[in-house]
Amino acid sequence: MLAWPLSTWMILLLATFLVSATLCWLAIHYANRRQLIDQPGRRRSHVVATPRGGGIGIVVAVLAGLLATMVGDPGSATGWPGREELALLSLGGGVLIVAAVGWLDDHRSLGAGIRLCAHVLAVVVSLLPILLIDVPSLSGNPVMPWVLAALAVACIAAVWSINLHNFMDGINGLLAFQALFVFVALGALCARSGHALDAQRIGLFAAATLGFLPFNFPRARIFMGDVGSGSLGLLVAASIGWQVAAMPNLIYAGLIACSGFVVDATATLLSRVLGGRRWYSAHREHLYQWLVRSGMSHAKVVALYMTWNLLIVTPALLLAAIEADDVSTTGALAAGGAAQAGFVYALALLVWVFGKQYCLRAVSRSRKRAA
């Protein structure tokens with residue numbers, strides 16, 4: 001499909017940013033009126049009462065941007081809605097479901113089961129064009145079982161993406177900066193492969209996230225809330241799907257880009273499960289939370305996570321992209337990508353283990369001095 005002219009895309013980026021920023025500013029006043037305030041507490045990493053729900057600006061800006069790209073699709077020549085528009089409508093429907101349950105949870109706490117069912121429904125809705133159009137077209141094809149297995153894995157991964165981004169939204173700026181990095185990285189890979197329109201749409205996700213950031217970092221005037229964190233998780237999953245479709249030989253790129261968050265959320269969850277604790281309860285056991293508890297500022301912790309992205313993830317992605325151009329054997333490329341992803345994740349796990357040990361010692365020393 002044809003990409004938008006640069007000038008038109010820049011206008012869309014600016015409009016998306018302004019819509020997000022304006023609605024985030026309005027959300028502050030709404031949250032104060034409705035007393036949607038996160039109070040400091042033992043299981044929280046902030047010390048000042050702060051409104052929540054600012055992620056509504058990101059959601060509305062993204063949906064408006066997607067609608068604009070559907071209505072004025074420069075490559076649409078076969079009537080509307082076409083296959084591409086149906087896919088975007090389905091994604092928008094999935095985002096609406098996640099945002100709606102998050103908005104309700106921000107107003108009054110919902111049960112973990114209700115949220116999980118809504119997230120599964122949102123992912124299924126997002127994949128409807130594939131489930132209703134692409135899968136039936138493979139009827140009788142011997143690859144059908146593999147396609148269904150891949151879809152099952154994709155559904156589980158997308159649901160986990162929604163939840164892990166919610167879990168990692170606990171200090172000022174961390175989730176917004178991480179989402180920005182992932183969107184820029186995946187957008188650049190899509191553009192590099194010639195899928196400029198997908199890159200431009202991912203760019204709109206980045207612009208919407210950027211509109212929220214000044215209200216949350218370095219000082220938080222409002223928190224994103226579940227309405228924003230879960231929606232970003234689904235958008236990250238969708239962006240990974242677009243990148244994989246654009247560059248099937250770089251199937252591991254999305255995993256590498258998200259490695260910092262995936263390892264922190266997954267290792268923390270497993271440690272709580274193995275320790276017999278209620279994994280779905282609020283806690284402060286993620287590495288980023290331990291770093292804050294050890295005495296680091298929110299800004300310093302965010303800088304550490306972004307340093308990981310710049311020094312480890314970015315070179316790994318660049319190397320993978322170069323190898324994708326040079327290697328002609330699909331099997332060799334897949335093995336190389338798996339090895340790169342395995343190395344990044346092994347290193348991330350080591351950082352998580354030793355980082356947590358460092359924090360435990362720092363907290364213990366602080367308590368001894370206080371005593």
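Listing for the model above:
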item	result
Residue count for the range 251-284, restricted to those that are among the polar types (S, T, N, Q) and touching a residue at least 40 places away in the same chain (Cβ under 8 Å)	3
Scope the range 37-62; condition in a loop (DSSP other than H, G, I, E, B) and buried (at least 19 other Cβ atoms within 10 Å of the Cβ); matching residues	Ser45, Gly53, Gly54, Gly55
Residue check, Ile97 of a type in the set (A, V, I, L, M) and modelled with pLDDT under 95	no
Enumeration of residues in the range 1-34 that are farther than 20 Å from Leu63 by Cβ, in contact (Cβ under 8 Å) with a residue 12 or more places away in the chain and not aliphatic (A, V, I, L, M)	Pro5, Asn32, Arg34
Unmet requirement for Glu84, which otherwise passes all of (1) at pLDDT below 90; (2) out of contact with any helix residue (DSSP H, G or I) (no Cβ under 9 Å at 6 or more places or on another chain)	(2)
Matching residues in the range 120-179 - criterion: being aliphatic (A, V, I, L, M), outside any helix (DSSP H, G or I) and buried (at least 16 other Cβ atoms within 10 Å of the Cβ)	Leu127, Met168, Ile171
Any chance Val244 is in contact (Cβ under 8 Å) with a residue 24 or more places away in the chain, out of contact with any Pro (no Cβ under 6 Å at 6 or more places or on another chain) and within 21 Å of Tyr345 (Cβ to Cβ)	no
Meets criteria (within 20 Å of Phe177 (Cβ to Cβ), part of a helix (DSSP H, G or I) and free of Cβ contacts under 8 Å to residues at least 40 places away in the same chain) for Leu311	yes
The range 193-207 residues that are on the phi < 0 side of the Ramachandran plot and in a loop (DSSP other than H, G, I, E, B), paired with ones that are surrounded by fewer than 22 Cβ atoms within 10 Å (Cβ to Cβ) and of a type in the set (Lys, Arg) (beta carbon under 9 Å, 6 or more apart)	none
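The values are calculated or read from the model by the stated rules, or taken from the named source; none is laboratory data. Keep in mind it's a predicted model, so treat the numbers as computed, not measured. Note that each Cβ is placed from the backbone with ideal geometry, even for glycine, and that neighbours are counted across all protein chains shown.
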